[in-house]
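The values are calculated or read from the model by the stated rules, or taken from the named source; none is laboratory data. Quick caveat, the model's predicted, so the values are computed rather than measured. Cβ placement follows ideal geometry from the backbone for every residue including glycine, while neighbour counts extend to all protein chains displayed.
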Amino acid sequence: MAEQAATGSDETGGGLFQPFSMRGLELENRIVMSPMSRHRASPKGLHHPLATLYYRQRASAGLIISEGTQVSETAKGFPGIPGIYRPEHVETWREPIAAVHDEGGRIFIQLWHCGRIAHGSHLPEGQMPVAPSAIRAEDGMVMLDDLSFAKPDMPRALETREVEALVEDHVHAARMALAAGADGVEIHAANGYGAAQFLCDRTNQRTDRYGGSPVKRCRFVIETAEAIASAIGADKVGIRLSPVSTYQDAWDSDPTALYGVLLPALSMLDLGYVHMVEGSPGTSRDPSGFDFAGARRLFDGPWIVNNLYDRALAEAALARGDADLVAFGLPFLANPDLVRRFREHRDLNPVEKETLYGGGEKGYTDYPFFAG
Ligand SMILES: Cc1cc2nc3c(=O)[nH]c(=O)nc-3n(C[C@H](O)[C@H](O)[C@H](O)COP(=O)(O)O)c2cc1C
């Protein structure tokens, strides 16, 4: 694909402020809002009434990737997560998406299945969490309805036909996201959740065609990406990956081999983008020596990077050609006008940790815009 230069002068504000054509979707700048769960939705997966304002406030991002959104009833591992598998979920997403579009922004919905990072109390009566293999996340954590943290329950291994059904759940959710008006979907295959559990040898010890060699462990993710791409168009499908994350007790013993299989396969599908979490999310930038620049060469398409970036690091990554776009999580959460603040070199609002999850307006829609 043709390179789109991301260099900028002082006048234009730097590479972050250059427009980008993402497989034909025109983005106003290279600043992406990273997916962030805010745990304010109703138990039925309907948005908090302030979600529309929350997303509208942040619509100056080149692209918003929504909070993780449940693809099915069994996807749940946390309270207050919106859904995208029932007609009422389509309705609940319409307004936030329309608000972003009104402001000239773009939004992809992140499709999320928690897999083994789940708790019986969130699931339909009598059900256990489902995962590639019956291996408990000893070092993982879920959130209970009172927003306290707990250890995930023991999962049961999915039958092969259930894995096929899980692919279909993702396709259904993707269709619903498009019906709600989203510009696309992001498959959450990062940070130790369901799809990532298929990739990692620590969490996938299956002996059917979805487990074993790297090729087999990649099969669920590739089939899901391919099936969604056929349903809604490959350009509308992004994927989030975290080759060296150890979050939620999931990692692979040989990420170079694993991603050496996965990225070329995703490249063949002409997906909308790859979104790389470089390290464990929010904890460490890549300490492992994994060759992210080399990984990028395996995927011929738009490349988003994330994890503990600030403006200077982001500009440097764009200038080196190591990324097309940079995603910001906490800085965007606390600064609805992050794009302007970066452009004008303004100070950033600090993050209030106590109001990240649950609650209402406080720490959600009341972070101040820069005055002046
Ligand atoms: C409150 C909060 C919620 C998050 N929820 C999600 C999520 O739903 N899906 C996801 O892929 N990552 C999620 N993350 C990870 C962020 O997308 C991002 O990878 C992480 O914050 C590191 O980026 P940053 O240093 O710019 O904040 C969340 C992070 C935070 C702080």
Among residues belonging to the stretch 37-74 that are under 18 Å from the mean Cα position of the chain (by Cα) and either modelled with pLDDT under 95 or among the charged types (D, E, K, R) (or both), point out the one that is farthest from residue 341 (Cα to Cα).
-> 40
Can you tell me which residue within the stretch 332-351, out of those that are in a loop (DSSP other than H, G, I, E, B) and within 22 Å of the chain's Cα centre (by Cα), is nearest to the ligand (Cβ to nearest atom)?
-> 351
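Residues checked against (1) crowded, with 22+ Cβ neighbours inside 10 Å; (2) among the charged types (D, E, K, R); (3) free of Cβ contacts under 8 Å to residues at least 60 places away in the same chain:
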position	(1), (2), (3)
170	yes, no, no
173	yes, no, no
176	yes, no, no
186	yes, yes, no
197	yes, no, no
204	yes, no, no
242	yes, no, yes
245	yes, no, yes
251	no, no, yes
For residues in the stretch 332-363 being among the hydrophobic types (A, V, I, L, M, F, W, C) and in contact (Cβ under 8 Å) with a residue 60 or more places away in the chain, which is surrounded by the fewest Cβ atoms within 10 Å (Cβ to Cβ)?
-> 356
Kindly check whether there is at least one residue in the stretch 203-217 that is under 28 Å from residue 282 (Cβ atoms) and aromatic (Phe, Trp, Tyr).
-> no
Residues of the stretch 22-42 satisfying the condition of being touching a Pro at 6+ places or on another chain (Cβ under 7 Å) and either under 24 Å from residue 242 (Cα atoms) or more than 14 Å from the ligand (Cβ to nearest atom) (or both) | 22, 23, 26, 27, 28, 29, 39
Scan the stretch 203-246 residue by residue and report those that are more than 22 Å from residue 138 (Cα to Cα) and either modelled with pLDDT under 95 or charged (D, E, K, R) (or both).
-> 208, 209, 216, 219, 223, 226, 235, 236, 240
Sole residue being out of contact with any strand residue (DSSP E or B) (no Cβ under 7 Å at 6 or more places or on another chain), over 16 Å from residue 189 (Cβ atoms), modelled with pLDDT under 95 and of a type outside the set (Phe, Trp, Tyr), chosen from 283, 256 | 283
Report yes if some residue within the stretch 209-219 is of a type outside the set (Asp, Glu), under 14 Å from the mean Cα position of the chain (by Cα) and surrounded by fewer than 24 Cβ atoms within 10 Å (Cβ to Cβ); otherwise report no.
-> no
For residue 191, are the conditions met, namely being part of a loop (DSSP other than H, G, I, E, B) and within 16 Å of the ligand (Cβ to nearest atom)?
-> yes
From the option list 323, 327, 312, 316, single residue qualifying as within 14 Å of the ligand (Cβ to nearest atom), over 20 Å from residue 245 (Cα atoms) and not hydroxyl-bearing (Ser, Thr, Tyr) is 312
Do we have any residue at all in the stretch 255-278 that's of a type in the set (Phe, Trp, Tyr) and surrounded by fewer than 22 Cβ atoms within 10 Å (Cβ to Cβ)?
-> no
